[in-house]
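Colleague: My questions will all concern the structure given below.
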Amino acid sequence: MVSTLEDRPPLWWQRGAVYQIYPRSFMDSNADGVGDLKGIAAKLDYLAWLGVDAIWLSPIFPSPMADFGYDVSNYTGIEPVFGTLADFDDLLEETHRRGLKLLLDLVPNHTSDEHEWFRQSRLSRDNPRRDWYIWRDPTPGGGPPNNWESNFGGPAWEWDAPTGQYYLHLFHTKQPDLNWRNPQVRQAIYGAMRFWLDRGVDGFRIDVLNMLIKDEQLRDNPFNADWQPGDPPWMRQHKLYSDDQPEMQEIVQEMRQLVEQYGAGQRVLIGEIYLPLPRLMRYYGQELNGVHLPFNFQLIELEHWSARSLREIIKAYEAVLPPGAWPNWVLGNHDKSRIVSRIGSAQARVAQMLLLTLRGTPTLYYGDELGMHDVPIPPELAHDPQEMGSPGFGRDPERTPMQWDASPNAGFCPPAVTPWLPLAEDHEEINIAREESDPFSMLTLVRSLLELRRSSLALEIGRYQAVENDGLSQDCLVYLRVAGVERYLVALNFSAEEQILALSEPGPAQVIISTLLDRTGTAELSALKLRPAEGCLIKLS
């Protein structure tokens with residue numbers, strides 16, 4: 001039986017919506033072509049108007065930017081391109097003043113090779129910080145210690161000639177992996193977490209959480225027999241020994257104990273974890289003492305966008321959630337192609353209604369509320385190291401600047417400035433200034449859904465109940481959200497054809513909103529008509 005929150009007050013991260021900002025691409029305040037903290041602060045009123053509850057910032061710590069902030073050189077500072085610590089404090093204060101929360105991106109698996117910890121670690125084999133990273137001798141015949149591969153392509157081991165050993169990097173060569181079996185490493189990262197929690201941040205999204213601990217024997221990973229040339233290089237192996245080791249649960253519990261010191265449930269931990277459902281569920285903790293929200297990426301990873309596929313994944317996810325665990329859903333992020341590019345603009349509207357009416361905390365990616373799409377990036381303008389190591393798998397296309405208006409650089413930076421990545425050619429049509437006054441725009445749809453969600457106990461925290469009967473088209477997904485006497489029905493058409501549904505729900509029904517934003521009023525559920533790629537949110541008596 002799925003537990004609910006109807007009989008107790010929900011915590012802010014259970015009822016709220018999280019909005020991810022990629023800081024380089026949100027708003028440039030100083031005309032250097034790169035977004036920054038002051039730019040984000042200048043747009044907080046937009047986020048409050050939109051109706052989200054928390055903003056999550058991709059990394060803003062000092063970094064050489066080999067992986068654009070995911071190579072940290074100081075966990076307790078601010079990268080100068082984004083501003084200063086004073087700018088951050090101002091942003092945090094202004095965020096809280098508007099009733100919003102602020103989450104930081106914690107990157108604990110690896111540092112930059114320019115971090116002082118690693119500078120010392122590579123000085124000599126007997127340096128006190130040598131064991132802060134994973135160093136190993138070559139194999140007897142020479143070569144890397146095992147067959148592990150980097151997520152950016154090539155071996156996961158880099159030779160260090162001065163000390164005659166390899167160091168492990170599961171990502172870029174400039175991102176050496178920390179040794180989380182060393183208690184000093186743990187305490188150093190926990191100290192950084194306390195630094196930001198003491199300043200008032202409301203929690204962390206934890207990068208590649210499941211990768212922190214590696215197999216103690218560093219055994220070879222088995223080859224993935226299903227892998228074919230042209231598939232993502234990081235899928236060549238089953239990461240049996242480089243990922244998701246049993247000792248991870250101890251670390252997760254330690255992190256949870258740390259944030260609970262700042263008020264039970266008041267600071268949130270969100271884990272970036274790409275794992276099958278049964279393994280993902282372990283990160284809630286056996287007694288729900290793990291991370292609050294292990295990211296659920298099924299909407300991002302879904303191969304076939306169809307009612308049948310979605311019906312199956314929702315059912316499976318709800319079935320395996322531990323009692324009392326709170327669900328969450330993610331539609332887009334900085335590592336995956338944008339939803340419009342994956343399924344088209346018509347179905348992207350259906351996807352937004354799905355995201356914002358499912359049970360659990362939704363995460364929105366900046367620009368998806370406008371219908372922004374991937375932007376083709378010429379090779380000479382590419383920045384992403386994943387593209388350099390594995391051509392064709394770069395992440396620049398989904399990281400382009402936010403489209404604020406129809407000006408030459410979309411209001412992201414002055415027209416005379418070259419933005420760090422090029423803008424979409426259609427930004428004159430797809431932008432906030434135009435869409436906020438268009439009653440039929442994607443932005444209007446998302447804002448309206450967020451407003452409806454916030455005003456309804458059923459949509460915020462109510463039960464999820466699938467509707468399945470013989471009157472349903474296999475191309476449609478229908479479900480209820482229920483809290484007490486409040487009941488909403490969600491009907492989504494995933495086809496390009498009109499569908500007529502014969503539903504047996506009793507009593508009057510009112511269409512509250514359609515994804516096409518042109519329909520309200522009484523609904524006849526015994527013959528509910530859904531136009532191609534239309535979703536309807538219907539209030540039941």
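Colleague: So ALA54 ticks every box in (1) crowded, with 24+ Cβ neighbours inside 10 Å; (2) under 19 Å from the mean Cα position of the chain (by Cα); (3) farther than 20 Å from ALA188 by Cα; (4) in contact (Cβ under 8 Å) with a residue 60 or more places away in the chain but one. Which box is left unticked?
Modeller: (1)
Colleague: Then there is this: Can you find a residue in the stretch 358-380 that is at pLDDT below 95, among the acidic types (Asp, Glu) and out of contact with any Asp or Glu (no Cβ under 8 Å at 6 or more places or on another chain)?
Modeller: yes
Colleague: Tally up the residues in the stretch 410-444 that are of a type outside the set (D, E, K, R) and more than 26 Å from the chain's Cα centre (by Cα), please.
Modeller: Residues that pass the stated criteria total 8.
Colleague: Specify the residue that is nearest to the chain's Cα centre (by Cα); the eligible residues are those in the stretch 303-345 that are aromatic (Phe, Trp, Tyr) and outside any loop (DSSP other than H, G, I, E, B).
Modeller: TRP329
Colleague: Report whether or not VAL350 is touching a His at 6+ places or on another chain (Cβ under 6 Å) and at pLDDT 95 or above.
Modeller: Spelling it out, it is not the case that VAL350 is touching a His at 6+ places or on another chain (Cβ under 6 Å) and at pLDDT 95 or above.
Colleague: Identify, by number, the condition in (1) crowded, with 23+ Cβ neighbours inside 10 Å; (2) closer than 30 Å to GLN266 by Cα that ARG98 doesn't meet.
Modeller: Every condition holds for ARG98 apart from (1).
Colleague: What are the pairs, 6+ residues apart or on separate chains, where a residue within the stretch 389-401 that is of a type in the set (Val, Ile, Thr) has its Cβ under 7 Å from a residue that is assigned to a helix (DSSP H, G or I)?
Modeller: From residues that are of a type in the set (Val, Ile, Thr), the pairs are THR400/SER25.
Quick grid of which residues meet (1) modelled with pLDDT of 95 or more; (2) in contact with a Ser or Thr (Cβ under 6 Å, 6 or more places away or on another chain); (3) in a helix (DSSP H, G or I):
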| site | (1), (2), (3) |
| --- | --- |
| ALA86 | yes, no, yes |
| ASP89 | yes, no, yes |
| GLU93 | yes, no, yes |
| HIS96 | yes, no, yes |
| LEU103 | yes, no, no |
| PRO108 | yes, no, no |
| SER112 | yes, yes, no |
| ARG119 | yes, no, yes |
| ARG125 | yes, yes, no |
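Colleague: Would you check which residues across the stretch 364-383 are more than 18 Å from the chain's Cα centre (by Cα) and in contact (Cβ under 8 Å) with a residue 60 or more places away in the chain and list them?
Modeller: Matches in the stretch 364-383: HIS383 only.
Colleague: In addition: Among the residues of the stretch 141-156, are any open to solvent by less than 20 Å² (accessible area, probe 1.4 Å) and not in a loop (DSSP other than H, G, I, E, B)?
Modeller: No: the stretch 141-156 contains no residue that is open to solvent by less than 20 Å² (accessible area, probe 1.4 Å) and not in a loop (DSSP other than H, G, I, E, B).
Colleague: Ok, one more. Restricting attention to the stretch 220-245, which residues are modelled with pLDDT of 95 or more and under 22 Å from PRO294 (Cβ atoms)?
Modeller: Of everything in the stretch 220-245, those that are modelled with pLDDT of 95 or more and under 22 Å from PRO294 (Cβ atoms) turn out to be HIS238, LYS239, LEU240, TYR241, SER242, ASP243, ASP244, GLN245.
Colleague: If you don't mind, there's one more thing I want to ask. Would you confirm, using the coordinates I've provided, whether GLY69 is in a loop (DSSP other than H, G, I, E, B) and crowded, with 17+ Cβ neighbours inside 10 Å?
Modeller: yes
Colleague: Find the strands (runs of 3 or more DSSP E) located wholly in the stretch 430-499 whose residues include 2 or more that are modelled with pLDDT under 95 and over 19 Å from PRO9 (Cα atoms), and list them.
Modeller: none
Colleague: Among the candidates ALA54, ALA41, which residue alone is touching a strand residue (DSSP E or B) at 6+ places or on another chain (Cβ under 6 Å), of a type in the set (Gly, Ala, Ser) and under 28 Å from LEU356 (Cβ atoms)?
Modeller: Being touching a strand residue (DSSP E or B) at 6+ places or on another chain (Cβ under 6 Å), of a type in the set (Gly, Ala, Ser) and under 28 Å from LEU356 (Cβ atoms) holds for just one of ALA54, ALA41, which is ALA54.
The values are calculated or read from the model by the stated rules, or taken from the named source; none is laboratory data. Just so it is clear, the model here is predicted, and its values are computed rather than measured. Counting neighbours? That spans all protein chains shown, and the Cβs are built from the backbone with ideal geometry, glycine included. In case anyone asks, the SASA skips ligands and DNA or RNA and just uses the protein heavy atoms, side chains included. Shrake-Rupley method; radii C 1.70, N 1.55, O 1.52, S 1.80 Å.
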